[in-house]
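See structure below.
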Amino acid sequence: MRHQAACLATLAIVSTAFVSRPAVPQETFRMLGEKDIRATVVSKDITDGAHWSIYLRPDGALVGAESGSRWTGTWNIQKNKLCMSTPGSKALDCYDVWMSGQNISLRLRKDDDSFGGIIEKHKAN
């Protein structure tokens, strides 16, 4: 459990350093509502493209992977925010979801860019 918590904390730090984003002049992110969040991220991978991924299953289960380690949790949508559990905890962290093309930014506050990645078709792991 302690290793899993460290993996999620590492994801937040590593994601901003290693996000594989195509060069887009002046990216324009827009905040998504519940319907768009569901259509955009459910059954897809949120990933940096190489080091980590989070898969949001339609049944509310979350499957994370980083550097060969896997962990599970839960997710749901509350008040237009994507809420996900962290490894070893049942508490949910809720994020505003911002998108620009396939680039995603999960923000605890609107002016925060705390967790970035890309959306990809789910790869069975």
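For the stretch 53-108, which positions are part of a strand (DSSP E or B) and hydroxyl-bearing (S, T, Y)?
Passing the criteria: S53, Y55, S69, T72, T74, S85, Y95, S100, S105.
Restricting to the stretch 42-52, count the residues that are surrounded by fewer than 14 Cβ atoms within 10 Å (Cβ to Cβ) and either on the phi > 0 side of the Ramachandran plot or in a strand (DSSP E or B) (or both).
Of the residues in the stretch 42-52, 1 are surrounded by fewer than 14 Cβ atoms within 10 Å (Cβ to Cβ) and either on the phi > 0 side of the Ramachandran plot or in a strand (DSSP E or B) (or both).
So, of the residues in the stretch 67-105 that are among the basic types (K, R) and under 20 Å from R57 (Cβ atoms), which turns out to be surrounded by the most Cβ atoms within 10 Å (Cβ to Cβ)?
Applying the filter and picking the extreme gives K81.
Scanning for something surrounded by 16 or more Cβ atoms within 10 Å (Cβ to Cβ) and in a strand (DSSP E or B), does the stretch 30-38 turn up at least one residue?
no
Every number in this text was worked out from the coordinates using simple rules, so none of it is lab data. From a predicted model like this one, the values you see are computed outputs, not experimental measurements. Methodologically, a virtual Cβ is constructed for each residue, glycine included, from the backbone with ideal geometry; neighbour enumeration extends over all protein chains shown.
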